[in-house]
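Report on the structure given below.
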Amino acid sequence: MQNEEVQVPQRIQHPWPEILRRARDPRFIADCAQRLAMEGWDLISPSEFSSLYRQIRNYTMCSNARLRGLYRGVRYAVHRDIPGDVVECGCARGGSAALMGLTIRQLKSKRKLWLFDSFEGLPAPTIKDPDFELADLFTGTCIGTLEEVRRLFHRLNLADDAEFVKGLFRDTLPHAPLSKIAVLHIDGDWYESVKVCLESLYDKVVPNGYIQLDDYGYWKGARRAVDEFFAERGIEVNLRTLDYSGRFFIKPPSTLPVSLPQQPNKMKLRSEDPVEWRGI
Ligand SMILES: C[S@@+](CC[C@H](N)C(=O)[O-])C[C@H]1O[C@@H](n2cnc3c(N)ncnc32)[C@H](O)[C@@H]1O
């Protein structure tokens with residue numbers, strides 16, 4: 001995967017049919033309404049999450065529900081002593097990563113926070129993205145520069161425990177000196193980006209670690225990458241829904257070595273959440 005030539009197709013269809021189809025999807029409309037309501041509430045609520053949210057909301061495009069997922073994921077890892085670093089692939093202007101950093105500090109924990117990004121905006125999608133025509137409209141968008149993200153982290157006093165890694169995932173992730181990951185946030189939108197994140201980092205996530213996938217419901221390439229990765233490994237995970245797009249799961253405590261399942265479909269592992277999730 002990492003060494004494959006990335007194929008960028010010519011646009012073959014107009015993206016409007018796909019845009020209209022999505023805009024008419026009742027689940028999408030309900031999700032937007034819920035997002036607005038939750039964001040309004042977090043502007044005035046005295047809750048701990050809301051006070052952290054207000055510090056980063058201008059630096060993120062993640063929905064409130066997905067940010068809550070990250071907040072709970074970090075709290076879960078700290079409270080349950082899940083060992084390892086906190087990693088984000090796709091940070092743009094740094095808001096969701098900063099939220100995780102603020103949560104770590106609020107819990108008086110010490111975790112290294114890794115931020116991987118090209119810091120040059122979204123690369124082009126590829127032929128493996130089924131909604132290529134729509135996705136391609138976003139090529140080069142979602143830019144956060146490294147300087148901008150560093151400034152945010154300095155302003156919030158988070159820079160000392162943060163590691164910024166600039167470059168395309170396929171160039172940086174396979175060589176990153178990471179040993180254990182407790183929380184992994186994958187927010188790279190396209191098939192190729194999400195697949196390389198899973199291929200490079202999934203095995204470094206410790207058993208019972210928390211993994212959040214930002215784009216599973218929204219971008220077909222991201223969903224394809226996730227489904228394909230688990231089918232190849234013969235692992236069935238219990239994906240939980242955060243909102244229209246976001247999903248999370250707890251890594252199964254043990255997975256078979258990749259070489260073992262000769263007939264992956266007959267050897268599926270069902271990941272029932274190994275730890276009690278609620279109440280965190
Ligand atoms: C949707 S944005 C991330 C949003 C962010 N988490 C937030 O809080 O707003 C996606 C980011 O992933 C980065 N990205 C996507 N694919 C990438 C790749 N293959 N290599 C490096 N960065 C990539 C883009 O540069 C962009 O900043």
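Once backbone amide H atoms are built at 1.01 Å from N, GLY209 has LYS251 as its partners under 5 Å, excluding neighbours fewer than 5 places away on the same chain.
Given R0 = 25 Å, the distance between the Cβ atoms of LYS112 and GLN55 translates into a calculated FRET efficiency of 0.75. Residues whose amide H comes within less than 5 Å of that of ILE181, counting only those at least five positions distant or on another chain, are ASP85, VAL205, VAL206 (H built at 1.01 Å from N in the peptide plane). Where only DSSP H runs of four or more residues are counted, the chain gives -11500 deg cm²/dmol as its mean residue ellipticity at 222 nm, each run worth -39500 (n - 2.57). Using the Cβ-Cβ distance between ARG155 and HIS79 with R0 = 30 Å, the FRET efficiency computed as 1/(1 + (r/R0)^6) comes to roughly 0.60. Potential lengthening of the chain between ALA124 and TRP41 amounts to 26.3 nm, from the contour at 0.36 nm per residue minus the alpha-carbon distance. Structure shown: which of LYS195/LYS220; LYS128/LYS204; LYS108/LYS166; LYS112/LYS166 lie over 19 Å apart, alpha-carbon to alpha-carbon? Among LYS195/LYS220; LYS128/LYS204; LYS108/LYS166; LYS112/LYS166, the Cα-Cα distance tops 19 Å for LYS128/LYS204; LYS108/LYS166.
Centroid-to-centroid, using Cα positions, the range 197-249 and the range 101-147 are 16 Å apart.
Taking θ as phi - 60° and the Karplus parameters 6.51, -1.76 and 1.60, the scalar couplings of the range 124-130 work out to 5, x, 10, 4, 7, 8, x Hz in sequence order, x denoting glycine and proline.
Modelled this way, with points 7 Å down the Cα-to-C-beta line, the labels at GLU147 and HIS175 are 2.6 nm from one another.
Quick note: the coordinates plus some simple rules give every number you see, no bench work behind them. Note that the structure is predicted; figures quoted are calculated from it, not measured. Here Cβ is always computed from backbone atoms with ideal geometry, including for glycine, and neighbour counts include all displayed protein chains.
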